[in-house]
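Read through the structure below, which is laid out as structure tokens, and then see the notes.
The values are calculated or read from the model by the stated rules, or taken from the named source; none is laboratory data. Note that the coordinates shown come from a computational prediction; the quantities given were computed from them, not determined experimentally. Cβ coordinates were reconstructed from backbone atoms using ideal geometry, including for glycine residues, and neighbour counts include every protein chain displayed.
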């Protein structure tokens with residue numbers, strides 16, 4: 001089963017990094033967050049990926065083209081007057097990666113629409129290229145199959161960013177406390193499973209998948225939520241990037257189930 005990853009946006013909210021590269025290529029723990037997401041799926045045996053690229057899509061293509069250079073020891077030998085390259089400890093992933101230029105200004109639904117020829121009329125997975133989670137992909141897939149719906153999304157708790165106030169009807173504050181991860185509403189955290197019938201809901205490049213297509217899927221009774229109460233974290237800001245870096249540095253990254 002193919003895994004489609006949305007990786008074409010501008011990443012304007014983390015422009016400190018994204019002015020140089022697409023947000024999915026911003027590194028945490030020395031590897032692009034895109035690589036971490038792919039490792040999550042690969043851990044469960046899903047190794048065929050379709051990357052919906054757009055903004056600075058050449059950076060993504062070049063990174064995979066030079067995978068050995070990024071991940072292996074290299075000897076550059078100029079002694080013979082040539083540039084001979086020797087790759088040591090030649091390790092790579094069991095991945096097949098298709099990078100598709102889905103357009104610079106294309107919206108999420110439009111990007112998915114553009115990769116229809118690559119999924120070959122099969123059930124496929126879809127997620128965002130800027131968030132990691134410890135969701136059990138196998139359980140998600142089984143939930144989707146049992147539901148019989150066109151689209152399953154993983155619902156996660158959205159972290160509150162501010163302090164929490166307990167306010168009376170008279171506007172008196174009875175208590176104040178710092179935010180807690182469980183204070184937020186449940187949102188679509190990505191990690192979706194889709195049937196090819198979903199393409200009927202996608203009109204053109206201007207289609208935002210999270211708007212009319214999802215509203216219509218819900219109206220048609222074809223949208224299901226897989227509840228995930230474990231770890232989920234997007235990377236929209238430098239603060240969130242630093243949080244992920246800290247978890248990796250301290251050996252407490254819940255999404256990292258694979259061995260180095």
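Points to keep in mind about this one:
- Within region 233-254, considering residues that are modelled with pLDDT of 90 or more and in a loop (DSSP other than H, G, I, E, B), the one surrounded by the most Cβ atoms within 10 Å (Cβ to Cβ): 235
- Subset of region 111-124 that is in contact (Cβ under 8 Å) with a residue 24 or more places away in the chain and in a helix (DSSP H, G or I) - its residue that is surrounded by the most Cβ atoms within 10 Å (Cβ to Cβ): 112
- Residue count for region 87-99 under the criterion of being farther than 26 Å from residue 118 by Cβ, out of contact with any helix residue (DSSP H, G or I) (no Cβ under 7 Å at 6 or more places or on another chain) and surrounded by 10 or more Cβ atoms within 10 Å (Cβ to Cβ): the result is 1.
- Candidates 75, 79, 92, filtered to the one that is more than 30 Å from residue 203 (Cβ to Cβ) and outside any loop (DSSP other than H, G, I, E, B): 75
- The set of residues in region 174-204 that are at pLDDT 95 or above and surrounded by fewer than 16 Cβ atoms within 10 Å (Cβ to Cβ) comprises 196, 197, 200, 203, 204.
- Residue in region 125-133 that is modelled with pLDDT under 95, surrounded by fewer than 12 Cβ atoms within 10 Å (Cβ to Cβ) and either closer than 25 Å to residue 8 by Cβ or over 23 Å from the mean Cα position of the chain (by Cα) (or both) present: no
- Leading residue by the ranking (nearest to residue 260 (Cα to Cα)) among those in region 55-86 that are touching a residue at least 24 places away in the same chain (Cβ under 8 Å) and in contact with a helix residue (DSSP H, G or I) (Cβ under 7 Å, 6 or more places away or on another chain): 63
- Selection within region 188-232 - farther than 19 Å from residue 133 by Cβ and part of a loop (DSSP other than H, G, I, E, B): 195, 202, 203, 204, 205, 206, 207, 208, 211, 220, 221, 222
- Selection from region 110-132 of residues that are touching a helix residue (DSSP H, G or I) at 6+ places or on another chain (Cβ under 6 Å) and on the phi < 0 side of the Ramachandran plot: 116, 129, 130, 132
- Qualifying residues in region 31-68 (those that are part of a loop (DSSP other than H, G, I, E, B) and over 20 Å from residue 133 (Cβ atoms)) - the one modelled with the lowest pLDDT: 66
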